[in-house]
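Peer 1: Here it is, the structure in full.
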Amino acid sequence: MDLLKIAASQLGTKEISGSEDNPQIVKYAEESGITGITNDEIAWCSTFVNWCAKKAGLQTSGSAAARSWTNVGIAVTDPKPGDIVVFWREDPLSWKGHVGFFTGFNNDASIVYCLGGNQNNAVSILGYDAKKVLSYRRISQVETLSVPQPTLKRRDKGNEVIKLQKLLNFLGYNCGDVDGDFGPKTENALKMLQANNQLTVDGIYNSNTQTTVESLLQS
């Protein structure tokens, strides 16, 4: 189903004032596998985008943080309706942001119109200052993941490194762009995975790391 149609089907969904919560907003988190969103008062713009993307069988960020989308898909300079738009809030260098689906520009492209969640406490279409755009992202169908063969290490290149980078990003260890080049970001992401799974933290993808990755994918 078309991503924008899924998002548009939710237009009008809004928070409920007081102690009551809109169950649909809570469901966005539950069905996206995002923890910590237990009511409709917690910022849910990224949760909504994750929910729509998952329904469409597309890449997700798996995070309630709006800026998590800067690492998903590919950056584009010619956004089309349905692309992701990530904005900064308060300060370009802060962690705060907003994310929604691009629907168009105004006449002089100074305003970006987005269909998104948590916009005036509802799923709605609003205009935002184009100067606050951090990135336009184009997401694609979720790819079938395959486990690379060891051993891989810093400065290695090629298809096996691509497999490793896809897996790291999928498991939530951000290694940046999937470019087939085992650089410092891939090494650091791998070290974090190793540290979190009681492996030797050396940044080298070996048979022990492979076994752990296989186990994580099956869990």
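The values are calculated or read from the model by the stated rules, or taken from the named source; none is laboratory data. Quick caveat, the model's predicted, so the values are computed rather than measured. Note: ideal-geometry Cβ built from the backbone for every residue, glycine included; neighbour counts use all protein chains shown.
Peer 1: Test of understanding: among Asp179, Asp202, which residue is part of a loop (DSSP other than H, G, I, E, B), among the acidic types (Asp, Glu) and more than 21 Å from the chain's Cα centre (by Cα)?
Peer 2: Going through Asp179, Asp202 in turn, the sole match is Asp202.
Peer 1: Output the number of residues of the stretch 173-207 satisfying the condition of being of a type in the set (Ser, Thr, Tyr) and touching a residue at least 40 places away in the same chain (Cβ under 8 Å).
Peer 2: Adding up the residues that qualify gives 2.
Peer 1: Is at least one residue of the stretch 183-193 hydroxyl-bearing (Ser, Thr, Tyr) and either outside any loop (DSSP other than H, G, I, E, B) or touching a Lys or Arg at 6+ places or on another chain (Cβ under 6 Å) (or both)?
Peer 2: Yes: the stretch 183-193 contains one or more residues that are hydroxyl-bearing (Ser, Thr, Tyr) and either outside any loop (DSSP other than H, G, I, E, B) or touching a Lys or Arg at 6+ places or on another chain (Cβ under 6 Å) (or both).
Peer 1: Scanning for something assigned to a helix (DSSP H, G or I), surrounded by fewer than 17 Cβ atoms within 10 Å (Cβ to Cβ) and either not charged (D, E, K, R) or not assigned by TED's automatic domain parsing to the domain that holds Gly203 (or both), does the stretch 143-160 turn up at least one residue?
Peer 2: Within the stretch 143-160, one or more residues are assigned to a helix (DSSP H, G or I), surrounded by fewer than 17 Cβ atoms within 10 Å (Cβ to Cβ) and either not charged (D, E, K, R) or not assigned by TED's automatic domain parsing to the domain that holds Gly203 (or both).
Peer 1: Let me ask another. May I ask you to verify whether Ser207 is modelled with pLDDT under 90 and hydroxyl-bearing (Ser, Thr, Tyr)?
Peer 2: Criteria not met by Ser207.
Peer 1: Answer yes if at least one residue in the stretch 11-27 is more than 27 Å from Asp177 (Cα to Cα), among the aliphatic types (A, V, I, L, M) and crowded, with 16+ Cβ neighbours inside 10 Å, and no otherwise.
Peer 2: Yes, there is a match, as at least one residue in the stretch 11-27 is more than 27 Å from Asp177 (Cα to Cα), among the aliphatic types (A, V, I, L, M) and crowded, with 16+ Cβ neighbours inside 10 Å.
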